[in-house]
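Trainee: Here you go, one structure.
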Amino acid sequence: MSRAILLGMLVLGIVASALLVVRDRHQHRQEFIALTKLEKARDELNIEFGRLQLEQATWAESHRVDQVARTRLGMVFPRTEDIVVLRR
Amino acid sequence: MSVFGRVWSGKPRRDGRDAKRRDTGRAPARPRARSQFNLRGRLMLVCGTLALCSAALLARAFDLQVVDKAFYQQQGAARFLREIPIATSRGMITDRNGEPLAVSSPVESIWGNPKELLKAPQRLPQLADALGMERDELQRRLSQRADKEFVYLKRRINPDEAKRILALEIPGVASQREYRRFYPQGEAMAHVLGFTNIDDRGQEGLELAFDDWLRGTPGAKRVIRDRRGRIVENVDLVRAAQPGRDLAISIDRRIQFLAHRELRNALAETGASSGSAVVLDVATGEVLAMVNLPTFNPNAVGSGPRDAYRNRAVTDLLEPGSTMKPLTVAAGLELGVISADSLFNTNPGWIRNGRYRTNDTHNYGVLDTTGVIRKSSNVGAAMIARRLTNTQFHEFLSRFGYGKSTGSGFPGEAAGAFPPPDRWDGTSKQTMSYGYALSVTPLQIASAYAALGNGGALHQPSFVKGQHGKSRQVLDPKIAGDVLHMMQTVTETGGTATQAAILGYHVAGKTGTSRKASAGGYSRRYIGYFAGLVPVVKPRFAMVVAVNDPTKGSYYGGIVAGPVFRNVMEGALRLMDVPPDDIDTWLAAQAAAEAKRLKGNGLAPATATANATSDAAVTATADPVVSAVVPAAGAVR
């Protein structure tokens, strides 16, 4: 009798653990997919950041700023007589 | 089989009658005769056979599962397990203020599998058009590699363009991510940064010098892939990817830009063939700017003459000419053979040097030590050198780094040509005293001058921000200070480089004009130098400008190189907020300008002062270079 119960319990245990394995396996796959997606998103953001940095640096290129300041905004470098020294 | 065969073959013989009756026609079914064969034997036979079969299956299973397990597992893995690389990008190079100078940005490379592509030749014209390639050319390239499985169709293109090509869904076409290096500062910074090759490895300049630092190590992971290349499962991480590290270099983008602009203007004005400029931070030896012309576009390497790729400031050997004289004077002062008040009679403007003569451009008569530097008298320098021995002079100059690589770590850096005294002839020492018969790089001159400005402490020039070793005391601070004050007279009235004077600051400098050596002597071609330090009270910057072979107008160092020094240093002093050390001159100049304006406007002095104060407010806020310009989004790619 007791042997039958033991056997039944073992069988149940095996079935239960098998189901758990299946569930975990599935969960692992799902999470792996999520991880891959996030990693991809991270890479994309990094790439976008690099591209924006590059773009910003291209816009801020000294020669360009110099040209825009002089031609479009009509700025000039102050001449000696335009600079006033203040003593405190 | 033979067992059954025998049983069957026996049957017709025993039932001979049956066969006959079947021939005659229909006969009523008669119960078959009870089998007379051995049932037990047959049962045994079937069981035995089945047992043998299972045994064979078991044996085979054992063979597969146990004996050859490793082999089959490996075969299986080879069919769906893949080790795929994890790409990493190269580190960014920034200037000392964190402005990006070299950035890796992803691009796509389109590749094809010729075997598969050639199976569907009707799609090739479409592919060729998308790639912007000649159809024949594509056909030829694929046929040449018909037995291969990989060929690059187009490398390093914009990801958007790659997406468009992939959208055609031509079988056998795929893309692969690669990184490309972009240099937003373009040619102004080209020589210092260098460039990388198509595989993102440093080839020149700092990209090469710090390749190991900048380059990441690509990682690898093992995955299970299905037939279409999609990843089903991550099995394990073989190696984590190690992204490249960023590098902050010592260059200041703004000073670099100023130096590049001014040097370019100077070359255009003087018709010179090439030029270099180096700015060092006196206190640390860090290189703040280093420009050379002609230059190249680092974003399109391979174009332009090969000559333009050289970082002349560290690779080219030039005779330093008169920029040598402050060192000659310092040597004389240190060894006690002259003092600041020594007098030199340079009459009649030349002095013997073996079979040759050392000439001055004019006869300067009697000069004191300061006068030798101010007037740049070759004869004076020769007279100082005559009081030194060859060994003393050689040892002194070696201490300043002449004849040795500066140790900056820049690839291809030249050590200069400065032979030891045992290879000197009778005229060498005197010739060297005014900068001939030895060759140095512009960086070496800048480094030696920085030592003069740093109280005689020589720093190894460095290209990395914040990375500098201990300095080496090569000269007594008192002597360094004295020489500095002598050099200050060069940019003041009566000196050789009044063009290099900066309002509000004392400038210590030295001009140089060296005739270029050519086969069999010196030609009528020149290099114009200006090397200087600013401000004299606690110098911040050391700058050397070399203008090679000016062809228009004057070739004197003060005239061709002096203005470059002034314009760049003026900007650098303002950018770095260096307080003026010569306010009196500034106030005097201002008063003069004020007087002029008053005269022009005819205004009463009281209103003029009020005007001046409001002007000050305007100039303080309007800073033309630093003003913000907001570009429209998305215009540059």
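What follows draws every value from the coordinates through simple rules; no lab data is involved. Just so you know, these numbers come straight off a predicted model, no measurement behind them. Positions of Cβ are backbone-derived with ideal geometry, glycine not excepted, and every protein chain shown enters the neighbour counts.
Trainee: Provide, in order from the shortest bin, the percent of all Cα-Cα pairs of the stretch B:244-288 in each 5 Å bin, continuing until the bin that contains the maximum pair distance.
Mentor: Going from the shortest bin to the longest, the percentages are 5, 19, 23, 18, 16, 11, 6, 2, 1.
Trainee: Now for a different question. Any chance you could check the Cα centroid distance between the stretch B:370-410 and the stretch B:121-181 for me, in angstrom?
Mentor: 63 Å
Trainee: What per residue convex hull volume, in Å³, comes out for the stretch B:435-530 when only alpha-carbon positions are used?
Mentor: Expressed per residue, the convex hull around the Cα atoms of the stretch B:435-530 is 146 Å³.
Trainee: Also, quick follow-up: Run through the stretch B:441-495 and list the trypsin sites (Lys or Arg not before Pro) located in a DSSP loop whose Cβ has at most 10 other Cβ atoms within 10 Å.
Mentor: Qualifying residues, ordered by number: B:Lys470.
Trainee: Calculated from DSSP H runs of 4 or more alone, at -39500 (n - 2.57) each and per residue, what is the 222 nm mean residue ellipticity of the protein assembly as shown, nearest 500?
Mentor: Theoretical 222 nm ellipticity from helices: -13000 deg cm²/dmol.
Trainee: Further, regarding this structure: Just grab the label-to-label distance for A:Thr71 and A:Val11, each label 7 Å out from Cα along the Cβ direction, in nm (one decimal).
Mentor: 9.0 nm
Trainee: Determine, from the Cβ-Cβ distance of A:Phe32 and B:Ala51 and an R0 of 56 Å, the FRET efficiency 1/(1 + (r/R0)^6), rounded to the nearest 0.05.
Mentor: 0.75
Trainee: First measure r as the distance between the Cβ atoms of B:Lys148 and B:Phe80, then evaluate 1/(1 + (r/R0)^6) with R0 = 22 Å and state the FRET efficiency to the nearest 0.05.
Mentor: 0.40
Trainee: Reachable lysines from B:Lys119, Cα under 22 Å, same-chain residues fewer than 8 places away excluded?
Mentor: List returned: B:Lys148, B:Lys154.
Trainee: Enumerate the aspartates and glutamates that B:Lys510 could reach by cross-link, defined here as Cα to Cα under 12 Å, with residues fewer than 8 away along the same chain left out.
Mentor: Output for B:Lys510: B:Glu492.
Trainee: Let me ask something else about it. Please list, in chain and number order, the residues 5+ apart from B:Arg180 or on another chain whose amide H is under 5 Å from its amide H, with Hs placed from the backbone.
Mentor: B:Ser105, B:Val107
Trainee: Another question, if that's okay. Tell me, B:Phe463, B:Phe393, B:Phe80 in order of fewest to most beta-carbon neighbours within 10 Å?
Mentor: In order of increasing Cβ crowding within 10 Å: B:Phe80, B:Phe463, B:Phe393.
Trainee: Can you figure out the FRET efficiency of B:Lys596 with B:Asn363, using R₀ = 35 Å and their beta-carbon distance, to the nearest 0.05?
Mentor: Here the calculated transfer efficiency is 0.35.
Trainee: Something else: Please report Rg over Rh for the stretch B:353-505, where both radii come from the alpha carbon positions and Rh follows the Kirkwood definition.
Mentor: So for the stretch B:353-505, dividing Rg by the Kirkwood Rh gives 0.98.
Trainee: Can you list the DSSP H helices in chain B whose Cα atoms extend at least 15 Å along the helix axis and whose mean Kyte-Doolittle hydropathy is -1.0 or higher?
Mentor: B:2-14, B:39-62, B:69-80, B:253-270, B:442-453, B:477-488, B:562-575, B:583-601, B:605-621
Trainee: Sort B:Tyr449, B:Tyr529 by Cβ crowding within 10 Å, fewest neighbours at the top.
Mentor: Taking fewest neighbouring Cβ atoms as first place, the list is B:Tyr449, B:Tyr529.
Trainee: Moving on to the next point. Calculate I(q)/I(0) for chain B by the Debye formula, one identical point scatterer on each C-alpha and no solvent, and give its log10 at q = 0.05, 0.07, 0.08 Å⁻¹ to two decimals.
Mentor: -0.41, -0.64, -0.76
Trainee: Let me know the whole percent of all Cα-Cα pairs from the stretch B:109-165 that are separated by more than 18 Å.
Mentor: The answer is 26 percent, as a whole percent.
Trainee: Could you tell me which of rounded, prolate or oblate describes the stretch B:293-442, using a ≥ b ≥ c as the square roots of the eigenvalues of the alpha-carbon gyration tensor, with rounded for a/c under 1.5 and, failing that, prolate when a/b is larger than b/c and oblate otherwise?
Mentor: Prolate shape, in that a/c is at least 1.5 and a/b is the bigger ratio.
Trainee: While we're here: In peptide B:175-186, what is the residue-averaged number of other protein chain Cβ atoms found within 10 Å of each Cβ?
Mentor: 3
Trainee: When Cβ neighbours within 10 Å are restricted to other protein chains, what is their mean count per residue of peptide B:238-245?
Mentor: Other-chain Cβ atoms within 10 Å of each residue's Cβ, averaged: 0.
Trainee: If you take the square roots of the eigenvalues of the alpha-carbon gyration tensor of the stretch B:119-237 and sort them as a ≥ b ≥ c, do you get rounded (a/c under 1.5), prolate (a/b over b/c) or oblate?
Mentor: It comes out oblate by the Cα gyration axes.
Trainee: By its C-alpha gyration tensor, with a ≥ b ≥ c as the square roots of the eigenvalues, how is the protein assembly as shown shaped: rounded for a/c under 1.5, else prolate for a/b larger than b/c, else oblate?
Mentor: Prolate is the answer for the protein assembly as shown, as a/c is 1.5 or above and a/b outweighs b/c.
Trainee: Let me ask something else about it. Can you list the residues of the stretch B:325-344 with backbone N under 18 Å from a point 7 Å past the Cα of B:Ala517, pointing along Cα to Cβ?
Mentor: B:325
Trainee: What does the charge count near B:Ser523 come to, summing +1 for each Lys or Arg and -1 for each Asp or Glu among other residues with Cβ under 13 Å from its Cβ?
Mentor: Net charge in that neighbourhood comes out at +2.
Trainee: So how many Å³ per residue does the convex hull of the Cα atoms of the stretch B:472-599 work out to?
Mentor: In the stretch B:472-599, the Cα convex hull volume per residue is 156 Å³.
Trainee: Still on this structure: Across peptide A:43-56, what mean number of C-beta atoms from other chains lies inside 10 Å of a residue's C-beta?
Mentor: 5
Trainee: Between B:Trp350 and B:Asp136, what length in nm is gained on full extension when 0.36 nm per residue of separation is reduced by their alpha carbon distance?
Mentor: Full extension from B:Trp350 to B:Asp136 adds 69.5 nm.
Trainee: When B:His459, B:His362, A:His63, B:His260 are ordered from fewest to most other Cβ atoms inside 10 Å of their Cβ, what list results?
Mentor: B:His362, A:His63, B:His459, B:His260
Trainee: Using the alpha-carbon centroid of each, what span in Å lies between the stretch B:315-330 and the stretch B:60-75?
Mentor: Each part's Cα centre sits 79 Å from the other's.
Trainee: Assign unit charges at the C-beta atoms only (+1 for Lys and Arg, -1 for Asp and Glu), then state the dipole size of the stretch B:366-467 relative to its Cα centre in Debye, rounded to the nearest 20.
Mentor: Once rounded to the nearest 20, the dipole reads 180 debye.
Trainee: In degrees between 0 and 90, to the nearest 10, how far off the longest principal axis of chain A does helix A:2-59 point, with axes built from Cα atoms?
Mentor: The answer is roughly 10 degrees.
Trainee: Would you please give the residues with an amide H less than 5 Å from that of B:Leu247, counting only those at least 5 places away or on a separate chain, with H modeled from the backbone geometry?
Mentor: Amide H to amide H, under 5 Å and 5 or more residues apart or across chains, B:Leu247 pairs with B:Met92, B:Ile93, B:Thr94.
Trainee: Then there's this: Can you find, among B:Pro477, B:Asn347, B:Asn38, the residue sitting farthest towards the positive end of the charge dipole of the protein assembly as shown, where Lys and Arg contribute +1 and Asp and Glu -1 at Cβ?
Mentor: B:Asn38
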